[in-house]
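Enquirer: I'd like to ask some things about the structure below.
The values are calculated or read from the model by the stated rules, or taken from the named source; none is laboratory data. No experiment lies behind these values; they were computed from the predicted model shown. With ideal geometry, Cβ positions are generated from the backbone for all residues, glycine too; neighbour counts draw on all protein chains shown.
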Amino acid sequence: MTGLILSGLSFGYGERRLLDGLDLSFSDPGLTAIVGPNGAGKSTCLRLAAGLLQPDTGSVSLNGQALSDLSPRDRARRIGYLPPDGRSAWPMSAGAVVALGRAPWRKPLRQLSDDDRAAINDAMRQTDTLALAERRFDNLSSGEQARVLIARALAGQGEVLILDEPTAALDIRHQLGVMGILSGAAQAGRHVLVAVHALDLAARFADRVIVMQSGQVRADGPPGTALSEDVVRDVFGIRAPGGIRPTPLSAADG
């Protein structure tokens, strides 16, 4: 079976179960938003999907090949991963940060190849960060840093892009910008999995929403179905008559 397949995943620390018997498949490219309250298992699910954790039971495969059979380099070539709060105080240029995304493709101590430079330029063009290339990363705004880090993930040219809370600590304008970039990557043919807290962002941008609760999938489907009034009430404990729907933006919102 093609695509990213999570089959029968269980994971925990000691007797504390974080996931138990999780089954998910991502056969078609698109943007999938994973939502849920704190402690629902979103980050654990994403780290297992990226091959960064080994499940206690079950398996993760990409296009029929188990991630556990791939070397770290090969896995990094196929799956780009952005951890939560990836911003840092690196005293290096934004262009150099994006170039780190080519590490799985480069031999040690080798200069950037023409293919590397093309991938870096394309990633920075997609994220509108070319003008930031020579600026120090630690001097950029939070929104600029977020876009540069997404460019780093895109530069790896993996078919799967996994991001854990990339919109955290950003204002609404930059949240919309980041989600727009990810939507564009999905439309270009990537599998994009992103954990978000803002349900309105999931409703606006995602092709598919997975709602997690206590390590289980509570709902899975198009935003209008997965974020129904009943699901939002039961999982998040809030009233949302009619469910969560994207709110139209005015011209002033950009």
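Enquirer: Scan the range 124-155 for residues that are crowded, with 22+ Cβ neighbours inside 10 Å and of a type outside the set (A, V, I, L, M, F, W, C) and report the count.
Expert: 5
Enquirer: Can you run down the residue pairs with Cβ atoms below 8 Å, 6 or more apart or on separate chains, where the first is in the range 198-226 and among the hydroxyl-bearing types (Ser, Thr, Tyr) and the partner is modelled with pLDDT of 95 or more and in a strand (DSSP E or B)?
Expert: If the second residue must be modelled with pLDDT of 95 or more and in a strand (DSSP E or B), the pairs left are THR225/ALA219.
Enquirer: Which of (1) without any contact (Cβ under 8 Å) to a residue 60 or more places away in the chain; (2) outside any loop (DSSP other than H, G, I, E, B) does ARG239 not meet, given it meets every other one?
Expert: Looking at each condition in turn, ARG239 falls short on (2).
Enquirer: Among the residues of the range 150-171, count how many are over 16 Å from ARG77 (Cα atoms), in contact (Cβ under 8 Å) with a residue 60 or more places away in the chain and not small (Gly, Ala, Ser).
Expert: The total comes to 3.
Enquirer: Quick check on the range 96-123: of everything there that is small (Gly, Ala, Ser) and surrounded by fewer than 20 Cβ atoms within 10 Å (Cβ to Cβ), which residue is nearest to THR167 (Cα to Cα)?
Expert: ALA96
Here's the yes/no breakdown for (1) farther than 21 Å from LEU154 by Cα; (2) at pLDDT 95 or above:
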position	(1), (2)
PRO37	yes, yes
GLY51	no, yes
ARG73	no, no
ARG78	no, yes
PRO84	no, no
LYS107	no, no
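Enquirer: Any residue that is part of a strand (DSSP E or B) and small (Gly, Ala, Ser) - is there at least one of those in the range 146-157?
Expert: Within the range 146-157, none of the residues are part of a strand (DSSP E or B) and small (Gly, Ala, Ser).
Enquirer: Right, here's the next one. Hey, any hits in the range 149-170 for a residue that's farther than 26 Å from ILE210 by Cβ and touching a Ser or Thr at 6+ places or on another chain (Cβ under 8 Å)?
Expert: Checked against the condition, which is being farther than 26 Å from ILE210 by Cβ and touching a Ser or Thr at 6+ places or on another chain (Cβ under 8 Å), the range 149-170 yields no hits at all.
Enquirer: Please enumerate the residues belonging to the range 34-47 that are farther than 16 Å from LEU6 by Cβ, in contact with a Leu (Cβ under 9 Å, 6 or more places away or on another chain) and surrounded by fewer than 18 Cβ atoms within 10 Å (Cβ to Cβ).
Expert: Result: GLY39, single match.
Enquirer: Can you tell me how many residues in the range 190-210 are more than 19 Å from PRO83 (Cα to Cα) and either touching a Gly at 6+ places or on another chain (Cβ under 6 Å) or among the basic types (Lys, Arg) (or both)?
Expert: The number of residues fulfilling the criteria is 3.
Enquirer: While we're on this one: Go through (1) part of a helix (DSSP H, G or I); (2) of a type outside the set (D, E, K, R); (3) under 19 Å from VAL192 (Cβ atoms) for SER68 and report which single condition fails.
Expert: (3)
Enquirer: Out of the residues in the range 48-58 that are free of Cβ contacts under 8 Å to residues at least 40 places away in the same chain and surrounded by fewer than 20 Cβ atoms within 10 Å (Cβ to Cβ), state the one that is farthest from VAL160 (Cα to Cα).
Expert: Taking the candidates together, the pick is GLN54.
Enquirer: Pick out the one residue from LEU31, LEU18 that is crowded, with 17+ Cβ neighbours inside 10 Å and over 13 Å from LEU193 (Cβ atoms).
Expert: Of the residues listed, the single one that is crowded, with 17+ Cβ neighbours inside 10 Å and over 13 Å from LEU193 (Cβ atoms) is LEU18.
Enquirer: List pairs: first in the range 89-118 and free of Cβ contacts under 8 Å to residues at least 40 places away in the same chain, second in a loop (DSSP other than H, G, I, E, B) and surrounded by 10 or more Cβ atoms within 10 Å (Cβ to Cβ), Cβ under 6 Å, 6+ apart or cross-chain?
Expert: Final answer for the pair search is GLY95/ALA133.
Enquirer: Any idea which of LEU112, LEU100 is over 21 Å from the mean Cα position of the chain (by Cα) and of a type in the set (A, V, I, L, M, F, W, C)?
Expert: LEU112
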